[in-house]
Amino acid sequence: MDEFVCNKLTEWGLSMLIERFEDEGIDTESLYCLGDQEIDTLITKVGTKVKFKKRLKLLKAEQNPAHQETVDSSAHENEEAADSAQVWPSTSGTSDKGKRKLDLQGGSNECQSPASKRRCDKRLGSYSEDIILSDVKNIMNYVHMRLQNEDNTKLNAFLKNKICDLETDKRKLVGVFGKTGAGKSSLINAVIGVKNLLPSGSVSACTSVMIKVEANKNKKYEADIEFIRKEDWEDELWSLDHIVRDNEDWEKDLDHDTVDRLSALYGEEWKNIPTKNLMDNKHFREIPEFLFSKTKTLTCESAGELSAKYVKYTRSDLEEGEGIDVKRWYWPLVKCVTVRVPNNDLLQHVTLVDLPGNGDRNKSRDKMWKEIVGSCSTVWIVTDINRAASENEPWEILQDASRLMGNGGECQQIHFICTKSDLIEDSDDHSAAAVRALIFKRNMKAKEKVMTQFKAENTIKKHFSDECFKVFTVSAKESLKRKYLQRDDTEIPKLQEFLQELNDCHSVTLNYVSGAYGILSLIQGARCREVAGKKKEVCTELEENMRQELEKVRKPVEEASEAFEKCLTEGVEDSKRLCEAKLKSILYPRKAPGQRGSIGSSFHKTLKYVVENNGTYKTKKQRQINVNEKLSSCLTDSIDEEFRKTFPNEGKCGPFNGAITAFSLDTERLIQKYKEVELHLTFLQTEEEKIKMKLNKKIRERKKTIYSSLTETIEANMHDCYKKAAEFRGQGSLEKMRYTIERHVLESKDTMFDQAKDHMLMQLNDLKEYILEKLEKTLKESIELSLKTDDYSIPDVAAELDMVKRHYNELIGSPDEEMSLLGSDPPGPSAALSL
């Protein structure tokens, strides 16, 4: 295999095929000669095969201009749809507005709808899903423009809203944790097949801000630098000024994190600059965007060039000799960096997020960190294979974040990734085969040790079962060089396959096409004049079905709330009994082994930061202190098991999601009974699935706030106490802070924990009422406008409906893709939800 083929596979996001193509001797010449039979033999996975065929077709078209028009007609239809002010007139004959002249097929000026245009295309065979999605989007844009040219009736407005409400975007987040030097950056670079994208330097070079990595729609490498608010930095400088003022020993009162941030941004000379002058514009000449709350965008031709440019916004330090000359580091002012990579299919619907281990002291950065960790569907914990099971830090990261990822989030899988698996002591003394055997033996041993450790982690196991936890032993270096291991042995391809599956856009396309099919069915059905009598009968059955089904949703949800009330009652009693002891474990910490000097002198500064930050304190070098979580721990412990059963991250079971998934208006049966209103019922079928999908998404979001409400209620109750404690200065202030906090908890414990319980139960009830109201209101409106409203002024969309139905049949694998609208039907749109 030559370099051209290797580069193309990497560029297309198909680097997992490199070894296979190399084994089969695929070079540039044979690549262009590959036919369907050869491709089927080379590539077994359907998703990968479809993507490869599409990319190869585009590549061949670039080399053969005679076929360019054919390729452009499918690859660039989104651009055609953008000309929304100039639309194709209907081939169905009701509207003649918005004409556009086209020079198609030998200079003809005949205008065509997207549906008719696609019919005239002579190509045969199934389309890839992105082409289907583009087709249907074009059709719906066209229908939307036609509706705008008609009378704005109630049904017309309803239909336009429904078209605008069709959703396509579905991004999955994969969070990547790991201590400095564990190999996070090298791992991400290797998995997505882009060298030098994330800088991987010395052990002292620490990534200090979140870095999102996702696909770019254009061919450039780009980085968006999002800054914290100017006011946030002013607040930090105000706190600094408060410490410095009238304090000769002020340097001793600053923690290491504050010194690091100031030194990075201003250099060591910050100590000689009056704090009021640290906000002078001259310090921000290179980043004026920070002063005006704007995003700074960097654009480059290569990954390495971009990495060299954005490193100063993400890193806290670099060793001399790393080849990057940076005088000032801007990471203290950066909230997040989003890096976009061109031509990478693995990132099409997936975002990888390189995360600092335990959040951030800056409030806006910490809020974003919590939101992202709570939104990750998968988390990668990256650590050196030699210390995978024994090292504390990766397990501490999991322990501290498990509540946020599990009951407080939507994480379904944890991947514990042991890096540098190729490093074997004295490897030069052994043959390549012997080294390979030693690597395999060590890898198996490491996996066993990590799994054993996971089973002993009770805090993590409250939120994640053994099935959620997988161990990988990888080597980014060997995946490229292959000195001792075949590429599959490095397990990088396994992670790529995982991202491919996560990235699968089938459900995205199917949801959009199913929704479009329903809307077009309603438009066409509303034009039928002969079915008025049947509509009334169907409405009566539908309304009775809905009443019964809403009761079926209400019952399990209310039972779940009762179970929570019982758990929380026990949690309140435990909290009242144990809160003072739990508080003392924070306020009176034990001296660490080997620690010199009085614990009070060092803890005074720590507690000061705790009360100034509303009960929490985070540094890079020590675990988070969180008084609010400690006080609410009995409450959260009491509901953890029940909460996981009620709101499982895995999918559509549990009292809330399960009841909604089971909800049905029984439209499938009604379609067989009332063929005359089949189009109307098809629309209701798609609307039912759509609202159920939206509600399941809403439950996933609301359950996070419900779970976190316990700690947030405690934090709100403690706020005035922290504020009062933060005012103490000088001699004896440590004891005064301790006394103030202890006294407040003692006086508040009889009401504070009951308030947290009541607030959570209220939120559960609010969610129940929201679900029932949304289901009833949405479906009532849909029934009324589809079966109780006639509007003969809306356009004829028979051609568009026929084309979308064909695409829909193709997506669900119908054996009869060429059936007409009058023929027998495939499974209804409700099948879309289960695919």
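The values are calculated or read from the model by the stated rules, or taken from the named source; none is laboratory data. All figures in this text were calculated on a predicted structure; none of them were measured in a lab. Please note: Cβ atoms are built from the backbone with ideal geometry, for glycine as well, and neighbour counts cover all protein chains shown. Heads up: the accessible areas ignore ligands, DNA and RNA and are worked out on the full protein's heavy atoms, side chains in. Shrake-Rupley method; radii C 1.70, N 1.55, O 1.52, S 1.80 Å.
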* Looking at (1) of a type in the set (S, T, N, Q); (2) under 34 Å from the mean Cα position of the chain (by Cα); (3) modelled with pLDDT under 55, which is the one condition that is false for Gln68? -> (2)
* Output yes when any residue across the stretch 535-547 is buried (at least 17 other Cβ atoms within 10 Å of the Cβ) and modelled with pLDDT under 90, and no when none is. => yes
* Structure fact -> Among (1) of a type outside the set (S, T, N, Q); (2) open to solvent by 30 Å² or more (accessible area, probe 1.4 Å); (3) closer than 27 Å to Lys630 by Cβ, Met405 falls short only on (2)
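Which ones in the stretch 12-39 are of a type in the set (D, E, K, R) and open to solvent by less than 70 Å² (accessible area, probe 1.4 Å)?
Keep residues of the stretch 12-39 that are of a type in the set (D, E, K, R), which gives 19-20, 22-24, 27, 29, 36, 38.
Matches in the stretch 12-39: Glu19, Asp27.
Could you say which residue among Leu787, Leu801, Leu775 is among the hydrophobic types (A, V, I, L, M, F, W, C), under 30 Å from Ile706 (Cβ atoms) and open to solvent by less than 20 Å² (accessible area, probe 1.4 Å)?
Working: Leu787 fails: under 30 Å from Ile706 (Cβ atoms); Leu801 fails: under 30 Å from Ile706 (Cβ atoms).
Residue meeting the stated conditions: Leu775.
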* Asked: Restricting the stretch 524-575 to residues that are of a type in the set (Asp, Glu) and without any contact (Cβ under 8 Å) to a residue 24 or more places away in the chain, which is nearest to His680 (Cα to Cα)?
  -> Glu544
* Could you list all residues from the stretch 335-371 that are in a helix (DSSP H, G or I) and within 22 Å of Glu236 (Cβ to Cβ)? => Lys363, Ser364, Arg365, Asp366, Lys367, Met368, Trp369, Lys370, Glu371
* Say whether the condition of being over 19 Å from Thr606 (Cα atoms) and buried (at least 17 other Cβ atoms within 10 Å of the Cβ) is met by at least one residue in the stretch 251-260. => no
* Report the residue count in the stretch 744-772 for those that are more than 30 Å from Lys692 (Cβ to Cβ) and either small (Gly, Ala, Ser) or touching a residue at least 12 places away in the same chain (Cβ under 8 Å) (or both). => 12
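How do the helices (runs of 4 or more DSSP H) wholly within the stretch 636-742 filter down when requiring 3 or more residues that are of a type in the set (Gly, Ala, Ser): which remain? Spell out the reasoning first.
On the way: elements: 655-662, 667-673, 678-725.
Filter on the stretch 636-742 gives 655-662, 678-725.
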* Look through the stretch 156-177, keep the residues that are hydrophobic (A, V, I, L, M, F, W, C) and assigned to a helix (DSSP H, G or I), and return whichever of them is most open to solvent (accessible area, probe 1.4 Å). => Cys164
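I'd like to check something: does the stretch 699-708 contain any residue that is closer than 16 Å to Gly615 by Cβ, of a type in the set (S, T, N, Q) and either modelled with pLDDT of 95 or more or open to solvent by 20 Å² or more (accessible area, probe 1.4 Å) (or both)?
Let us first name the residues in the stretch 699-708 that are closer than 16 Å to Gly615 by Cβ, namely 708.
From what's left, of a type in the set (S, T, N, Q): 708.
Now drop any that are not either modelled with pLDDT of 95 or more or open to solvent by 20 Å² or more (accessible area, probe 1.4 Å) (or both), which leaves 708.
Checked the stretch 699-708: at least one residue is closer than 16 Å to Gly615 by Cβ, of a type in the set (S, T, N, Q) and either modelled with pLDDT of 95 or more or open to solvent by 20 Å² or more (accessible area, probe 1.4 Å) (or both).
Quick check on the stretch 732-743. Is at least one of its residues open to solvent by 30 Å² or more (accessible area, probe 1.4 Å) and touching an Asp or Glu at 6+ places or on another chain (Cβ under 8 Å)?
Taking the stretch 732-743 as the starting set, the residues that turn out to be open to solvent by 30 Å² or more (accessible area, probe 1.4 Å) are 732, 735-736, 739, 742-743.
Okay, now just the ones that are also touching an Asp or Glu at 6+ places or on another chain (Cβ under 8 Å), so 742.
Within the stretch 732-743, one or more residues are open to solvent by 30 Å² or more (accessible area, probe 1.4 Å) and touching an Asp or Glu at 6+ places or on another chain (Cβ under 8 Å).
Taking helices (runs of 4 or more DSSP H) that fall entirely within the stretch 178-291, which contain at least 1 residues that are within 34 Å of the chain's Cα centre (by Cα), within 22 Å of Lys309 (Cα to Cα) and at pLDDT 85 or above? Don't jump to the end; show me each part of the working.
Values: elements: 184-192, 230-244, 256-266, 288-291.
Answer list for the stretch 178-291: 184-192, 256-266, 288-291.
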* Asked: Does the stretch 637-660 contain at least one residue that is modelled with pLDDT of 90 or more, farther than 30 Å from Leu779 by Cβ, more than 26 Å from the chain's Cα centre (by Cα) and open to solvent by 20 Å² or more (accessible area, probe 1.4 Å)?
  -> yes
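Kindly indicate whether Ser507 is surrounded by 22 or more Cβ atoms within 10 Å (Cβ to Cβ), in a helix (DSSP H, G or I) and hydroxyl-bearing (Ser, Thr, Tyr). Write out each step before concluding.
Numbers: surrounded by 22 or more Cβ atoms within 10 Å (Cβ to Cβ): no; in a helix (DSSP H, G or I): yes; hydroxyl-bearing (Ser, Thr, Tyr): yes.
Here the answer is no, as Ser507 does not meet what is asked.
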* Structure fact -> If we ask which residues in the stretch 661-697 are closer than 20 Å to Ile523 by Cβ, open to solvent by 70 Å² or more (accessible area, probe 1.4 Å) and touching a residue at least 40 places away in the same chain (Cβ under 8 Å), their number turns out to be 1
* **Filter result (closer than 12 Å to Ile397 by Cα and either surrounded by fewer than 19 Cβ atoms within 10 Å (Cβ to Cβ) or at pLDDT below 80 (or both)) within the stretch 357-387** => Gly357, Asn358, Gly359
